[in-house]
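The values are calculated or read from the model by the stated rules, or taken from the named source; none is laboratory data. Everything numeric here is computed off the predicted structure, so don't read it as measured data. Note that we place each Cβ from the backbone using ideal geometry, even for glycine, and neighbour counts take in every protein chain shown.
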């Protein structure tokens, strides 16, 4: 029952942020691009629920659009990671023990050996800081993760009888991978995607904090923190709120991921202590 | 043991070689001409031509790559374009901040995690255990640069115990350590929570083994079996996490140096980026990658020392 609870709580937290981000596509309390020096650095009020920043922008609106930025970058990075990693993992498993498998897995090890954030910094530094390059940088490091999970999940399934039957029936490795293997490991991939989602949020925050993520005027949680840092003495709340959002969303996703894993794979419930 | 060592060493060298090719290509080949990139849009043709000659851009890519790698092997990282001093000097200065910070944080996190992890395993299901589990969730979720800002807010702004940032230098050892303490705590605490949780799970698994029951049957107390037998055997997963954490600490340190205005490698990289000093960026990145790959190698060796079965 504990796993149900963490899935429920984590899912609820994540959903709140997803909905706020979705809402910000259509409506925000105040436009985030409109600066109003007269209204700068106000405390919470009925007009500005969470107050305003040094440019007079509404903090709540900034946080909502910031959620959208973070989530969009992390999801797109998962798209890259899963889009390339899952087929690679399926391919490696289908050719288990042969040269293709070996090449794919050693290639994965190499990417794993790299300090992800450093390379992400390098990519965004040479190709210019932008949300797109941040997605690319985070996405590349998602590839080996998905490839590994996919391969590890697929290998035991290849030994099962019904796969043998499919082979005898004349199905190609490609069709077997697609029709029999993939549906059976989809839950593993979904759980991994939740974990990579939360890591992506953290990575995006770090990149945009150092100025290598989405560029102004697009709001992002990381840059809100960077901008707030100079005013930490006079207006500490500016530095507290965006960080709290990052932490809450990552926590929510992790809880949901843990709960989901236990829920989808009941065998783990006995093993997990 | 020797084949294991050679195997791991070969893997390390291969990783380094690939890493250097990737970094070189990313910085020098793909964006077009590095000289015009570094000088910006308003540069005169003559200035670009001068810099091209200085960087050796008239040579082939392969020759430049070999010169770069060959130089680094001998400790020559090139001359910084903006500072006009050898990059190796810059790195040395900055390393005097970043390396002690990373080691300080690693020690702090291990020193906290081991007793806490053992306590949680010993009191399984009781409040210290639940506390560790909750803290570990927070430790994973909290961005460490934000945690650092919260620490500044509490200790520098509200309590005014320490200054909010800057580095006092190593002229006085105490002052140097003092200015690294808050950054080290910011890096170490979240990692300590994660490490304690891993240690707890590893200990619980070990404590169910038969030889632990034997040890208890021999008359050892619970405490003795825990510290003497279980802790040693829980070492492998803990080593793995420590190795991974070094990579995190290094990356975290780069970011956190910005929060505390520490003149470390992270600041050097970002200054290099804003000043388009590609030579600095390229060499410092390679150095960081080297550090991470080296630590992975050392962790692999430590595995073999801890678990003879892996030496095959």
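Does residue B:296 fit the bill of being closer than 23 Å to residue A:129 by Cβ, facing another protein chain (nearest Cβ under 9 Å), assigned to a helix (DSSP H, G or I) and touching a residue at least 40 places away in the same chain (Cβ under 8 Å)? Walk me through it before giving the result.
Numbers: closer than 23 Å to residue A:129 by Cβ: no; facing another protein chain (nearest Cβ under 9 Å): yes; assigned to a helix (DSSP H, G or I): yes; touching a residue at least 40 places away in the same chain (Cβ under 8 Å): yes.
No; evaluated as a whole, the condition is false for this residue.
Check A:260, A:264, A:207, A:238 and return the single one that is more than 10 Å from every other protein chain (Cβ to nearest Cβ), out of contact with any strand residue (DSSP E or B) (no Cβ under 6 Å at 6 or more places or on another chain), within 27 Å of residue B:157 (Cα to Cα) and in contact (Cβ under 8 Å) with a residue 40 or more places away in the chain.
On the way: A:260 fails: within 27 Å of residue B:157 (Cα to Cα); A:264 fails: within 27 Å of residue B:157 (Cα to Cα); A:207 fails: more than 10 Å from every other protein chain (Cβ to nearest Cβ).
Unique residue meeting the criteria: A:238.
Does residue B:151 count as more than 22 Å from residue A:222 (Cβ to Cβ) and at pLDDT 85 or above?
Numbers: more than 22 Å from residue A:222 (Cβ to Cβ): no; at pLDDT 85 or above: yes.
Taking the combined requirement at face value, the residue does not satisfy it.
Looking at segment B:139-149 only, could you name the residues that are more than 7 Å from every other protein chain (Cβ to nearest Cβ) and without any contact (Cβ under 8 Å) to a residue 12 or more places away in the chain? Let's see the steps before the verdict.
Going through segment B:139-149, the residues more than 7 Å from every other protein chain (Cβ to nearest Cβ) turn out to be B:139, B:144, B:147-148.
Result: no residue meets the conditions.
Residues in segment A:21-34 that are in a loop (DSSP other than H, G, I, E, B) and surrounded by 15 or more Cβ atoms within 10 Å (Cβ to Cβ): how many? Full working, then the answer.
Narrowing segment A:21-34 to residues in a loop (DSSP other than H, G, I, E, B): A:27-34.
Remaining after also requiring surrounded by 15 or more Cβ atoms within 10 Å (Cβ to Cβ): A:28-30, A:32.
Matching residues across segment A:21-34 total 4.
Out of A:113, A:125, A:137, report the one residue that is under 23 Å from residue B:38 (Cβ atoms), surrounded by 17 or more Cβ atoms within 10 Å (Cβ to Cβ) and at pLDDT below 75. Spell out the reasoning first.
Numbers: A:113 fails: under 23 Å from residue B:38 (Cβ atoms); A:137 fails: at pLDDT below 75.
Of A:113, A:125, A:137, the one residue that is under 23 Å from residue B:38 (Cβ atoms), surrounded by 17 or more Cβ atoms within 10 Å (Cβ to Cβ) and at pLDDT below 75 is A:125.
Scan segment B:24-44 and report the pairs whose first residue is on the phi > 0 side of the Ramachandran plot and more than 9 Å from chain A (Cβ to nearest Cβ) and whose second residue is in a loop (DSSP other than H, G, I, E, B) and modelled with pLDDT of 75 or more, with Cβ atoms within less than 8 Å and a gap of 6+ or a chain change.
B:40/B:276
Does any residue of segment B:17-27 turn out to be farther than 18 Å from residue B:278 by Cβ and either at pLDDT 80 or above or in a helix (DSSP H, G or I) (or both)?
Quick first cut of segment B:17-27, residues farther than 18 Å from residue B:278 by Cβ only: B:17-18.
Now narrow it down to the ones that are either at pLDDT 80 or above or in a helix (DSSP H, G or I) (or both): B:17-18.
Looking for residues that are farther than 18 Å from residue B:278 by Cβ and either at pLDDT 80 or above or in a helix (DSSP H, G or I) (or both), one finds at least one in segment B:17-27, hence yes.
I want to confirm something. Restricting to segment B:6-16 and keeping residues that are in contact (Cβ under 8 Å) with a residue 24 or more places away in the chain and more than 8 Å from chain A (Cβ to nearest Cβ), which single residue is nearest to residue B:278 (Cα to Cα)?
B:16
Residues are listed down the side, and each one gets a yes or a no for (1) touching a residue at least 40 places away in the same chain (Cβ under 8 Å); (2) surrounded by 24 or more Cβ atoms within 10 Å (Cβ to Cβ); (3) more than 11 Å from chain B (Cβ to nearest Cβ):
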{"residue": "A:195", "(1), (2), (3)": "yes, no, no"}
{"residue": "A:200", "(1), (2), (3)": "yes, yes, yes"}
{"residue": "A:214", "(1), (2), (3)": "yes, yes, yes"}
{"residue": "A:217", "(1), (2), (3)": "yes, no, yes"}
{"residue": "A:220", "(1), (2), (3)": "yes, yes, yes"}
{"residue": "A:224", "(1), (2), (3)": "yes, yes, no"}
{"residue": "A:229", "(1), (2), (3)": "no, no, no"}
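Is it the case that segment B:206-215 has a residue that's assigned to a loop (DSSP other than H, G, I, E, B), within 11 Å of another protein chain (Cβ to nearest Cβ), farther than 21 Å from residue B:7 by Cβ and at pLDDT 80 or above? Please lay out each step first, then the result.
Residues of segment B:206-215 assigned to a loop (DSSP other than H, G, I, E, B): B:208-209.
Cutting the leftovers down to within 11 Å of another protein chain (Cβ to nearest Cβ) gives us B:208.
Next, from what is left, pick out any that are farther than 21 Å from residue B:7 by Cβ: B:208.
Subset that is at pLDDT 80 or above: B:208.
Yes; the residues of segment B:206-215 include at least one that is assigned to a loop (DSSP other than H, G, I, E, B), within 11 Å of another protein chain (Cβ to nearest Cβ), farther than 21 Å from residue B:7 by Cβ and at pLDDT 80 or above.
In segment A:110-144, how many are over 20 Å from the mean Cα position of the chain (by Cα) and either touching a residue at least 24 places away in the same chain (Cβ under 8 Å) or away from chain B (no Cβ under 13 Å) (or both)?
Final tally of qualifying residues: 1.
Among residues belonging to segment B:117-134 that are assigned to a helix (DSSP H, G or I) and within 12 Å of chain A (Cβ to nearest Cβ), point out the one that is farthest from residue A:243 (Cα to Cα). Talk me through it step by step, then tell me what you get.
Pass one, segment B:117-134, residues assigned to a helix (DSSP H, G or I): B:117-122, B:127-134.
Imposing the further condition that a residue be within 12 Å of chain A (Cβ to nearest Cβ) reduces the set to B:120-121, B:129-130, B:133-134.
On the way: B:120: 29, B:121: 31, B:129: 27, B:130: 24, B:133: 21, B:134: 18 Å.
That would be B:121.
Looking at (1) buried (at least 17 other Cβ atoms within 10 Å of the Cβ); (2) out of contact with any helix residue (DSSP H, G or I) (no Cβ under 6 Å at 6 or more places or on another chain), can you tell me which one residue B:210 breaks?
So the condition that residue B:210 fails would be (1).
Condition check: over 16 Å from residue A:120 (Cα atoms) and more than 8 Å from every other protein chain (Cβ to nearest Cβ). Does residue B:243 satisfy that? Outline the logic, then answer.
Values: over 16 Å from residue A:120 (Cα atoms): yes; more than 8 Å from every other protein chain (Cβ to nearest Cβ): yes.
For residue B:243, the condition - over 16 Å from residue A:120 (Cα atoms) and more than 8 Å from every other protein chain (Cβ to nearest Cβ) - is met.
Return the residues of segment A:50-100 that are in contact (Cβ under 8 Å) with a residue 12 or more places away in the chain, over 27 Å from the mean Cα position of the chain (by Cα) and in a helix (DSSP H, G or I); say none if nothing qualifies.
The one that is in contact (Cβ under 8 Å) with a residue 12 or more places away in the chain, over 27 Å from the mean Cα position of the chain (by Cα) and in a helix (DSSP H, G or I): A:94.
Please go through (1) over 16 Å from the mean Cα position of the chain (by Cα); (2) buried (at least 16 other Cβ atoms within 10 Å of the Cβ); (3) without any contact (Cβ under 8 Å) to a residue 12 or more places away in the chain for residue B:233 and return the number of the only condition it doesn't satisfy.
(3)
Scan segment B:261-273 and give yes if some residue there is crowded, with 20+ Cβ neighbours inside 10 Å, more than 10 Å from every other protein chain (Cβ to nearest Cβ), more than 15 Å from the chain's Cα centre (by Cα) and not in a helix (DSSP H, G or I), otherwise no.
yes
Among the numbered criteria (1) surrounded by 21 or more Cβ atoms within 10 Å (Cβ to Cβ); (2) within 13 Å of chain A (Cβ to nearest Cβ), which one does residue B:188 miss?
(2)
Would you mention how many residues in segment B:148-195 are closer than 16 Å to residue B:107 by Cβ and more than 22 Å from the chain's Cα centre (by Cα)?
Number satisfying all stated conditions: 1.
Scan (1) assigned to a helix (DSSP H, G or I); (2) touching a helix residue (DSSP H, G or I) at 6+ places or on another chain (Cβ under 8 Å); (3) loosely packed, with under 13 Cβ neighbours inside 10 Å for the single condition residue B:166 breaks and write down its number.
Of the numbered conditions (1) assigned to a helix (DSSP H, G or I); (2) touching a helix residue (DSSP H, G or I) at 6+ places or on another chain (Cβ under 8 Å); (3) loosely packed, with under 13 Cβ neighbours inside 10 Å, the odd one out for residue B:166 is (1).
Report, by residue number, each residue of segment A:241-253 that is free of Cβ contacts under 8 Å to residues at least 60 places away in the same chain and at the interface with chain B (Cβ under 8 Å from one of its Cβ atoms).
Of segment A:241-253, the ones free of Cβ contacts under 8 Å to residues at least 60 places away in the same chain are A:243-244, A:247, A:250.
Residues satisfying the conditions are A:243, A:247, A:250.
Out of the residues in segment A:97-109 meeting the condition of being away from chain B (no Cβ under 14 Å) and surrounded by 15 or more Cβ atoms within 10 Å (Cβ to Cβ), tell me which one is farthest from residue B:292 (Cα to Cα).
Across segment A:97-109, the extreme among qualifying residues is A:101.
Within segment A:164-173, is even one residue more than 21 Å from residue A:33 (Cα to Cα), touching a residue at least 60 places away in the same chain (Cβ under 8 Å) and either surrounded by fewer than 21 Cβ atoms within 10 Å (Cβ to Cβ) or within 13 Å of chain B (Cβ to nearest Cβ) (or both)? Quick ask: steps written out before the conclusion?
Residues of segment A:164-173 more than 21 Å from residue A:33 (Cα to Cα): A:164-173.
Subset that is touching a residue at least 60 places away in the same chain (Cβ under 8 Å): A:173.
Applying the additional criterion that residues be either surrounded by fewer than 21 Cβ atoms within 10 Å (Cβ to Cβ) or within 13 Å of chain B (Cβ to nearest Cβ) (or both) yields A:173.
There is at least one residue in segment A:164-173 that is more than 21 Å from residue A:33 (Cα to Cα), touching a residue at least 60 places away in the same chain (Cβ under 8 Å) and either surrounded by fewer than 21 Cβ atoms within 10 Å (Cβ to Cβ) or within 13 Å of chain B (Cβ to nearest Cβ) (or both).
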